[in-house]
Amino acid sequence: MKKSGVQKHQMGRVLKILSPVLSPRIYEFVLGLLLVLASTCCELLAPYLLGKGTDIVISPGANSKDLTKIVFAFLGVIVLRAVFEMFQALVIQRTGQKVIHDLRIKVFTKVHTLPISYFDSHPTGRILTRVINDIKALSELFTASISVLILDVMIVLGSIGSMLWMDLDLALITLVTIPLVFWTIWRFGEQLSEAYKTVRSRLSQVNSFLGENIGAIGTIQRLGAEHERLTTFSQIVDGHTEAQMKALKIYASVQPYANVLNGVAMASLMGVGGYWAIQGKISLGVLVAFFGYLRNLYQPIRDMVEKYNTFLSAMVAAERVVNILEEPSESVDLALSDGKVTGAIKDSSIVFDGVFFKYPTRESWALDNVSFEIEHGKSLAVVGATGSGKSSLIRLLLRFYDLSQGKITLEGREIQEFDRRILRRHIGVIQQEVYL
């Protein structure tokens, strides 16, 4: 129960964060839902009409006109269902594509606002996994699976309601296995959710490793480290494959359970319903309709197991995307910059006074009690070995990071008093690597 509560909390959190993307499309989703409802009604009418047609055929005073009406009504229902399903697919998939488009833009925009310190602890490959793979998983949910899942849920509920309405006693006997089916889906669903989290985590490791190593391929070849890198990559891929296989084993266990329970329900209907039909307790048409509803019941349940699989995978992906959107950005700091210097920076000296700085991901000091002054109009060259802190001076000056101790001043003001945007607008940096 505790785990289920956590999952509901996570789903609520995901919907809350994604609501700015989903809410502009709410009317399109509602239209799609209405089309799903119309398609469901047609699906539920078909077995009822088959039962009515059966009763007409076997009745002593069979009337061909009544049978013709049923036949045309059945064909009309089938055609209407096809039309509703076509428009339902168009509306929901088009809406889903728009949502995914807006979400990709939102996530990319968010990544641009994250502080540099975020990228120190989050490799590029892992971020790419969020923007590409995880949003792709969400795309499958919004563009296809969600409409099928809603349709299947409505058909299951409608079929159960129709059977209870037509014959309560026969319905209760036939539906005795339904609670076990739902329990199976719920039980395996929790296991699948945990398995998919592991799969996504291992996939992030694969992408992160590829991003770092392909970018550094020249260094790897110069050092002759290809074999060592291959060994490490094989271990990471093996871990991903192992996690994927565990998820597949859990998913493969669900379908046989549903099939066995379906067989028990069919056997119960065939035995009890057939005996009651022979006794005259129920009509043959009711029995035929029940077989149709039972097919309508278990086929969607099989689909629900498959789509639930996609749904769980998408929820894990959504949670990881939301984690990025919830990260504090520099823009928040800028929005709270009341009282900061926001005008042009005048020509002035730059003073580092007893500056200490340590990167969040490291234990040692990158800068240890550094002091110097660059007077207006003068130049200063800072030289030193790799890792001695040269780049750190520029990062502090641009306020990519805030210093640990000491102070840096411009115009006699501490650098924290300046809006980051203003600092970066007035300071030009030419890197040794050419990116532009």
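The values are calculated or read from the model by the stated rules, or taken from the named source; none is laboratory data. Since the model is a prediction, treat every value here as computed from it, not as a measurement. Positions of Cβ are backbone-derived with ideal geometry, glycine not excepted, and every protein chain shown enters the neighbour counts. Side chains included, ligands, DNA and RNA excluded: accessible areas come from the protein's heavy atoms. Shrake-Rupley method; radii C 1.70, N 1.55, O 1.52, S 1.80 Å.
Things to note:
- Accessible-area composition of region 49-124, carbon plus sulfur, in percent [1.4 Å probe]: 68
- Taking amide H atoms as placed 1.01 Å from N in the peptide plane, the amide H of residue 410 lies under 5 Å from those of 415, each 5 or more residues away in sequence or on another chain.
- Pairs from 136/390; 16/246; 16/98; 106/358 whose Cα-Cα separation, in the structure shown, is over 29 Å: 136/390; 16/246; 106/358
- Remark: the chain is approximated by an ellipsoid whose semi-axes, taken from the C-alpha gyration tensor as √(5λ), come to 65, 24, 17 Å, largest first.
- Each listed q (0.15, 0.23 Å⁻¹) maps to a log10 I(q)/I(0) for region 236-283, found by the Debye formula over equal Cα scatterers with no solvent: -0.58, -0.79.
- Å² of accessible area per residue within region 177-251, as computed with a 1.4 Å probe and no ligands counted: 59
- Converting the Cα gyration tensor eigenvalues of region 84-227 into ellipsoid dimensions via √(5λ) gives semi-axes, longest first, of 46, 21, 12 Å.
- Most mobile of 127, 100, 422 in a GNM of the chain (Cα contacts under 10 Å): 422
- Calculated P(r) tail over 14 Å for region 68-135, as whole % of Cα pairs: 73
- Legend: calculated FRET efficiency, residue 295 to residue 132, from the Cβ-Cβ distance at R0 = 56 Å, rounded to 0.05, equals 0.90.
- Each Cα pair under 8 Å and six or more residues apart adds its sequence gap; the mean of these over the residue count of the chain is a relative contact order of 20 percent.
- Computed over the chain, the per-residue total of -39500 (n - 2.57) for DSSP H runs of n ≥ 4 gives a 222 nm mean residue ellipticity of -24000 deg cm²/dmol, rounded to 500.
- Listed by chain and number, the aspartates and glutamates whose C-alpha is less than 19 Å from the C-alpha of residue 378, apart from same-chain residues fewer than 8 away, are 347, 353, 411.
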